[in-house]
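Down below is the structure, laid out as structure tokens.
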Ligand code: NAP
């Protein structure tokens, strides 16, 4: 046993990760009387929000809805300052939560988990960190984050480039000095959309390498006023109830008129063309990423989807001056919503700046990197910095980066080689007593992630309590239940718009990753109802022993 082992006691639960899901898990399981330790690779809490320090990083779900609801103390004492919280404010919130709920004493920071092996005979999980520390626990709650394994673009010669290369999710602690410098940015997803307008203001010359123009809508961020807070006090319960009952994204529509919000539960055909236009306009003026989700059939009916898409195309074209840039920035080739809609501040307008060049790498690919910059169409674009806003190995990447082994030493990475298989996105057959928050096959990224995390933490904690109360040493998904759930998750997108895009939603952004939908698109309410029914029925689909 290594000298620095913490192996002297057997924990009830080891929690992986101290973002929104892990912190709540640590709190709830400790409140239930369990001995719990949480491991966190970073030196601070925050999860994905700790790492994504890039300028402009801001949540595109409204802050009033992007926070915990489980604790009346937290609810009563915290006040958000802006409609969409900046990264720093979210990290401050989570740091404050960790202090207020006295969580830090049970967190091991700078502890990157490298191994999690299940010992079948003892029904115990054995863990090892990068630093060689070991732990043992009966249950393993993995809250590793759906978007926490960054990926770099695979472009020849990138290793030769002598400038500084920065991934948005690994932004350096010391802010780079862009003044007088030539910067290249690869990627125009949610991260690129936020970082591009800020860096453009700070550097001498910015070259944006864009592969796919995304659907975009403005956030219309603003400070929250005393009147907003008073409104929230009055409407909090009602609004949360509405978000939970049907709303998928929990995005920028908290304060929209009821009439406009309610339209999203009706088919577009129930409205005249003029009424639909008014609804899109109202959503666009209000801001946020759910402009096109105006009607219930937005992701089902091609024509409805196309109308929403055309509305947003028109809005982007209206604010870009250069005709060539207008065309490049107009989304095409995929249906609205099948790639994550981006939300930002003055993103398309940034391409009106004289110091910004937009290169469409589909028509003008980056052939290679040299020591000095990027070669495009035989021209060398000199760069001092390259920012990769190139995304993540979503939903599965953070867990498969760890050597997770279940019964008989089987590897999670190998088991998922043809696509993830789970029961409820929570449990995997052959990996007893392991539970995932925001795992593949759960609603996760297709909902307000914090809301779904909370629901899963409560549900999994109840399940662990059930095991304890009944003296069950092992709890795992049953083969049929797992196959049924996986079929359901995949079936929900079969033959419809979701499958059409080259998106991280279907693993298309990672070479070699199987192309399957990574999360459950059925929405929070249906998922919760299903999980609740399973709990009420004594957990069918799980095998206990
Ligand atoms: P992303 O959505 O996967 O975007 C990556 C971008 O890099 C895409 O534009 C992609 O082009 C491009 N790219 C990747 N490899 C490339 C290559 N070799 N050459 C050229 N372009 C390349 O990643 P992200 O922007 O970091 O966002 C990931 C998710 O995190 C979001 O969808 C969202 O769920 C979450 N997020 C949320 C917020 C927020 O709340 N505001 C902010 C940031 C991130 P293609 O589209 O052609 O693949």
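The values are calculated or read from the model by the stated rules, or taken from the named source; none is laboratory data. Bear in mind the structure is a predicted one, so any value in this text is a computation, not a measurement. As a convention, Cβ positions derive from the backbone with ideal geometry for all residues, glycine included, and neighbour counts pool all protein chains shown.
Give the stretch 66-85 a look and list any residue that's surrounded by fewer than 19 Cβ atoms within 10 Å (Cβ to Cβ) and touching a strand residue (DSSP E or B) at 6+ places or on another chain (Cβ under 8 Å), or say none. Outline the logic, then answer.
Keep residues of the stretch 66-85 that are surrounded by fewer than 19 Cβ atoms within 10 Å (Cβ to Cβ), which gives 69-79, 81-82.
Listed by number, the residues that qualify are 81, 82.
When the stretch 17-40 is examined, which residues are found to be in contact with a strand residue (DSSP E or B) (Cβ under 8 Å, 6 or more places away or on another chain), in a loop (DSSP other than H, G, I, E, B) and crowded, with 22+ Cβ neighbours inside 10 Å?
Initial filter on the stretch 17-40 (in contact with a strand residue (DSSP E or B) (Cβ under 8 Å, 6 or more places away or on another chain)): 17-18, 22-23, 25-26, 29-30, 34-40.
Cutting the leftovers down to in a loop (DSSP other than H, G, I, E, B) gives us 17-18, 34-35, 40.
Selection gives 17, 18, 40.
Got at least one residue in the stretch 367-374 being over 25 Å from the mean Cα position of the chain (by Cα) and without any contact (Cβ under 8 Å) to a residue 12 or more places away in the chain?
From the stretch 367-374, those over 25 Å from the mean Cα position of the chain (by Cα) are 367-374; that's our starting set.
Applying the additional criterion that residues be without any contact (Cβ under 8 Å) to a residue 12 or more places away in the chain yields none.
So far as the stretch 367-374 goes, no, none of its residues is over 25 Å from the mean Cα position of the chain (by Cα) and without any contact (Cβ under 8 Å) to a residue 12 or more places away in the chain.
Among the residues of the stretch 46-62, which ones are away from the ligand (no atom under 11 Å from the Cβ) and in a loop (DSSP other than H, G, I, E, B)?
46, 47, 53, 55 - these are the residues of the stretch 46-62 that are away from the ligand (no atom under 11 Å from the Cβ) and in a loop (DSSP other than H, G, I, E, B).
Among the residues of the stretch 506-537, write down those that are within 16 Å of the chain's Cα centre (by Cα) and either more than 16 Å from the ligand (Cβ to nearest atom) or part of a helix (DSSP H, G or I) (or both).
506, 523, 524
State whether one or more residues within the stretch 207-223 are within 16 Å of the ligand (Cβ to nearest atom), at pLDDT below 90 and farther than 28 Å from residue 501 by Cα.
Scanning the stretch 207-223 turns up no residue that is within 16 Å of the ligand (Cβ to nearest atom), at pLDDT below 90 and farther than 28 Å from residue 501 by Cα.
Among the residues of the stretch 290-328, write down those that are modelled with pLDDT of 95 or more and under 24 Å from the mean Cα position of the chain (by Cα).
305, 308, 309, 312
Being modelled with pLDDT of 95 or more, assigned to a loop (DSSP other than H, G, I, E, B) and in contact with a helix residue (DSSP H, G or I) (Cβ under 7 Å, 6 or more places away or on another chain) is the filter here, so list the residues in the stretch 340-364 that pass it.
345, 346, 347, 353, 355
Looking at the stretch 345-364, which of the residues that are within 14 Å of the ligand (Cβ to nearest atom) and in contact with a strand residue (DSSP E or B) (Cβ under 7 Å, 6 or more places away or on another chain) is nearest to residue 283 (Cα to Cα)?
Among residues in the stretch 345-364 that are within 14 Å of the ligand (Cβ to nearest atom) and in contact with a strand residue (DSSP E or B) (Cβ under 7 Å, 6 or more places away or on another chain), the one nearest to residue 283 (Cα to Cα) is 345.
Does residue 237 count as surrounded by fewer than 23 Cβ atoms within 10 Å (Cβ to Cβ) and farther than 21 Å from residue 317 by Cα? Outline the logic, then answer.
Details: surrounded by fewer than 23 Cβ atoms within 10 Å (Cβ to Cβ): yes; farther than 21 Å from residue 317 by Cα: yes.
Considered against the rule, which asks whether it is surrounded by fewer than 23 Cβ atoms within 10 Å (Cβ to Cβ) and farther than 21 Å from residue 317 by Cα, residue 237 comes out as yes.
Do we find a residue being within 22 Å of residue 388 (Cβ to Cβ) and out of contact with any strand residue (DSSP E or B) (no Cβ under 8 Å at 6 or more places or on another chain) anywhere in the stretch 123-145? Steps first, please.
Filtering the stretch 123-145 down to residues within 22 Å of residue 388 (Cβ to Cβ) leaves 144-145.
Now restrict to residues that are out of contact with any strand residue (DSSP E or B) (no Cβ under 8 Å at 6 or more places or on another chain): 145.
Scanning the stretch 123-145 turns up at least one residue that is within 22 Å of residue 388 (Cβ to Cβ) and out of contact with any strand residue (DSSP E or B) (no Cβ under 8 Å at 6 or more places or on another chain).
Based on what the data block shows, is residue 386 in contact with a strand residue (DSSP E or B) (Cβ under 6 Å, 6 or more places away or on another chain) and at pLDDT 95 or above?
So residue 386 fits the description; yes.
Testing residue 108 on (1) in contact with a strand residue (DSSP E or B) (Cβ under 9 Å, 6 or more places away or on another chain); (2) closer than 14 Å to residue 17 by Cα; (3) within 16 Å of the ligand (Cβ to nearest atom), one condition comes back false. Which one is that?
(3)
Can you confirm whether residue 82 is within 14 Å of the ligand (Cβ to nearest atom) and modelled with pLDDT of 95 or more?
When the stated conditions are applied, residue 82 passes them.
Identify the residue in the stretch 365-389 that is in contact with a helix residue (DSSP H, G or I) (Cβ under 8 Å, 6 or more places away or on another chain) and within 11 Å of the ligand (Cβ to nearest atom) and, among all such residues, is farthest from residue 513 (Cα to Cα).
Here the answer is 387.
Of the residues 294, 282, which single one is over 27 Å from residue 532 (Cβ atoms) and in a helix (DSSP H, G or I)? Explain how you work it out, then say what you get.
Numbers: 294 fails: in a helix (DSSP H, G or I).
Unique residue meeting the criteria: 282.
What number of residues within the stretch 466-497 satisfy the criterion of being modelled with pLDDT of 95 or more, buried (at least 18 other Cβ atoms within 10 Å of the Cβ) and over 13 Å from residue 516 (Cα atoms)?
8
Collect the residues in the stretch 456-465 that are buried (at least 21 other Cβ atoms within 10 Å of the Cβ) and touching a helix residue (DSSP H, G or I) at 6+ places or on another chain (Cβ under 6 Å), keeping them in residue-number order.
Of everything in the stretch 456-465, those that are buried (at least 21 other Cβ atoms within 10 Å of the Cβ) and touching a helix residue (DSSP H, G or I) at 6+ places or on another chain (Cβ under 6 Å) turn out to be 457, 461.
Might you check whether a residue that is outside the structural domain of residue 110 (by TED's automatic domain parsing), within 30 Å of residue 38 (Cβ to Cβ) and away from the ligand (no atom under 16 Å from the Cβ) occurs anywhere in the stretch 175-186?
The answer is yes, given that some residue of the stretch 175-186 is outside the structural domain of residue 110 (by TED's automatic domain parsing), within 30 Å of residue 38 (Cβ to Cβ) and away from the ligand (no atom under 16 Å from the Cβ).
Exactly one condition in (1) surrounded by 18 or more Cβ atoms within 10 Å (Cβ to Cβ); (2) under 27 Å from the mean Cα position of the chain (by Cα); (3) in contact (Cβ under 8 Å) with a residue 24 or more places away in the chain is false for residue 261; which is it?
Single failed check for residue 261: (3).
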